[in-house]
Amino acid sequence: MEAVIKTDKLTKRFGDFIATNNITFEVYAGEIFGFLGANGAGKTTAMRMLTGLSTPSSGSATVAGFDVYRETERIKKNIGYMSQKFSLYEDLTVMENIRFFGGIYGLSDKAIKEKSDMLVEQLGLASEKKKLVGALPLGWKQKLSFSVAVLHDPKIVFLDEPTGGVDPLTRRQFWDLIYAATSRGVTVFVTTHYMDEAEYCNRISIMVDGSIKALDTPYNLKREFGVGSMDEVFYKLAREARRSAD
Amino acid sequence: MRTIRFLLEKEFRQIFRNKTLVAMIMVVPVVQLLILPLAANYEVKNINISIVNHDNSDYARHLITRITASGYFRLTSLNTTFDEALAHIESDEADLILKIPRNFEKNLVRENKQKLFVAVNAINGVKANLGGAYLATIIRDFNQDLMLEWFQPSRTSQQPVIAVTPTNWYNPYLNYRLFMVPGILAILVTMIGGYLSALNIVKEKEVGTIEQINVTPIRKHHFIVGKLIPFWVLGMVVFTLGLLVGWLAYGITPEGNLGLLYGFLALYLLAVLGLGLLISTYTDTQQQAMFIAFFFMMIFILMSGLFTSIDSMPSWAKVISRLNPVSYFIDVMRMVVLKGSGLADIIPHMGAVFVFAIVFNTWAIVNYRKTS
Ligand SMILES: Nc1ncnc2c1ncn2[C@@H]1O[C@H](COP(=O)(O)OP(=O)(O)OP(=O)(O)O)[C@@H](O)[C@H]1O
Ligand SMILES: [Mg+2]
């Protein structure tokens, strides 16, 4: 299997504090990779290194074949990113946000038009497309973030808690979007605190205090820990954590 | 280029959607230009005056007493030649020269007409100009006294007149506002441009939208240029509004070429906005950016030569003012608006401001990090 993300002892320190500690893993093309861990485990920090937003302190990694130290701008052409904190323009409308980011990614005017019509339709945002994003409910904002993240047909999309604080129905719809993306060949790297969502992933890793403590398919993990649900796997690992939410 | 188009589109949408901001940009300069020149009207005492007296008459002595007794003037020297008095101006000991011509008394009595000559020290312009205005008033009063003294109730025909011809070339009416308004406009444009740009990128950091930008393959200089242009346009608009207020409220129209003024402004705004963006790249919150921008603005304004003439500052302060873009703008404003200076006169100013623009913007681009 082709690995689109490869890390080797990837580490990020903030002063004396090691946020992400020697993580080594691979993510294969086309899979949904679940990146689990309690609050403060270091998920966002790891993801920021992989998306070229933050330079690692040590270790190495490639994303879509490009080096995270030297080729961040080439990585950025090949990935989409939906950050944990909503980061689209609240004072622009749905369509204006899509248009802006489409333009930044270098899409043609025609492509922008087609894409935005399609996305708005697919997300069920048609009636809201002229509304300012700030006025939308969280679930819709998240869907819009997702669509901006996949607008330019990236090879890999990074989703940092895309369904945090979202109602169960919207969460379902959200996962439909994720599946639709994978069916187009997009690799999905996703963090979540919902264990039912963990079950939807092809493989998952569980981080505790900056280190990866387990990495396998949900099925194998449950077998390995001798439990019936991902909830219990997570609980067994995460209760050893020293760090707490920040 | 296409990227910049999308950036501009977005930036302008955001600006125009922010109604308070638009109102502030439009209303604040107008109101300030209407109020500040009135408030900034201050009195100066101890104006140093050199008097060249060519007329050894009672009237001349009387006038001199009047001047020194007014409380505004300090008599630096009583000279016999104009060149001697000029030396006092050149060494900065005197702010003004009053020349009383030969036969002052005689002409006044015989012909009921006499001219006095006032020269002001352009170096300490504010003080000298105000001094000139006071002097004109004193002479006018003196003139009236003469009338009272000479007037017979029956002889109402010719009144003796002393005409004051100040060589106050660039501000012939000694209008303090004429002197202040261009400078105040320069400062308003600087403040609005500087604050808007300083607060802009850092606002994107604060609300987190910069993350979504930084994760795209956008080029850094595109991003900065996309931020620069909208504020550049706004700066032009504010300046134009200010010129209109200057014209409508104070009747000030530039003596020099308007195109030249805008040409300089175009460069100047790049420098000021570059500094704002630079501040934006160094700070993490709007509050920090505000404080730093405020710090620079205070120094720039106080050392700009608007209120105190740069030439009368100590030499260390002169060095700072040379590093102060605002001082160049105020200078150019006064030169072009009041004196009607041409391109050749302001080339050095343009050069300096051009260097500022290059340095600040390059620095801002380098310091803006997409990867932390
Ligand atoms: N810029 C920073 N400077 C200092 N410490 C930081 C910085 N960013 C993150 N940290 C710390 O690193 C640790 C890991 O943070 P991170 O955001 O990666 O966790 P997370 O797994 O994403 O948590 P959550 O589930 O709450 O999002 C936390 O303790 C956090 O306080
Ligand atoms: Mg996180």
*Within segment A:32-47, how many residues are more than 15 Å from ligand 2 (Cβ to nearest atom) and β-branched (Val, Ile, Thr)?*
1
*Looking only at segment A:218-246, which residues are of a type in the set (Phe, Trp, Tyr) and within 16 Å of ligand 1 (Cβ to nearest atom)?*
A:234, A:235
_Matching residues in segment B:175-228 - criterion: being within 13 Å of chain A (Cβ to nearest Cβ) and outside any helix (DSSP H, G or I)_ = B:208, B:215, B:216, B:217, B:218, B:219
*asked:* For the list (1) more than 9 Å from every other protein chain (Cβ to nearest Cβ); (2) farther than 17 Å from residue B:218 by Cβ; (3) crowded, with 21+ Cβ neighbours inside 10 Å, I need the number of the one condition that residue A:158 fails.
replied: (1)
*Residue check: is residue A:29 more than 11 Å from chain B (Cβ to nearest Cβ), at pLDDT below 95 and within 16 Å of ligand 2 (Cβ to nearest atom)?*
no
*Can you tell me which residues in segment A:13-58 are within 8 Å of ligand 1 (Cβ to nearest atom) and charged (D, E, K, R)?*
A:43, A:48
*Might you let me know whether segment B:216-233 holds any residue that is of a type outside the set (Lys, Arg) and at positive phi?*
no
*Could you tell me whether segment A:51-73 includes any residue that is over 19 Å from residue B:217 (Cα atoms), within 13 Å of ligand 2 (Cβ to nearest atom) and touching a Leu at 6+ places or on another chain (Cβ under 7 Å)?*
no
*Only one residue in A:142, A:84 is touching a residue at least 40 places away in the same chain (Cβ under 8 Å), polar (S, T, N, Q) and farther than 16 Å from residue A:170 by Cβ, so which one is that?*
A:84
*So how many residues does segment A:74-105 have that are facing chain B (nearest Cβ under 7 Å), away from ligand 2 (no atom under 16 Å from the Cβ) and not hydrophobic (A, V, I, L, M, F, W, C)?*
7
*asked:* Regarding segment A:8-21, can at least one residue be identified that is more than 15 Å from ligand 2 (Cβ to nearest atom), out of contact with any His (no Cβ under 6 Å at 6 or more places or on another chain), within 14 Å of chain B (Cβ to nearest Cβ) and basic (Lys, Arg)?
replied: yes
*Scan segment A:6-19 for residues that are closer than 21 Å to residue A:80 by Cβ and crowded, with 22+ Cβ neighbours inside 10 Å and jot them down.*
A:7, A:10
*What about residue B:209, is it in contact with a Ser or Thr (Cβ under 9 Å, 6 or more places away or on another chain) and in the same structural domain as residue B:331 (by TED's automatic domain parsing)?*
yes
*In segment A:32-68, how many are at positive phi, within 14 Å of another protein chain (Cβ to nearest Cβ) and surrounded by fewer than 21 Cβ atoms within 10 Å (Cβ to Cβ)?*
1
_Positions within segment B:1-33 being surrounded by 13 or more Cβ atoms within 10 Å (Cβ to Cβ), more than 12 Å from chain A (Cβ to nearest Cβ) and of a type outside the set (Val, Ile, Thr), in sequence order_ = B:24, B:26, B:29, B:32, B:33
*Any chance you could count how many residues in segment A:201-217 are free of Cβ contacts under 8 Å to residues at least 24 places away in the same chain and either away from ligand 1 (no atom under 16 Å from the Cβ) or over 13 Å from residue A:34 (Cβ atoms) (or both)?*
2
*Looking at B:336, B:355, B:272, which is the one that is away from ligand 2 (no atom under 16 Å from the Cβ) and more than 29 Å from residue B:247 (Cα to Cα)?*
B:355
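The values are calculated or read from the model by the stated rules, or taken from the named source; none is laboratory data. Keep in mind that what you see is a predicted model, and the values were worked out from it rather than measured. Cβ atoms come from the backbone with ideal geometry, glycine included; neighbour counts cover every protein chain shown.
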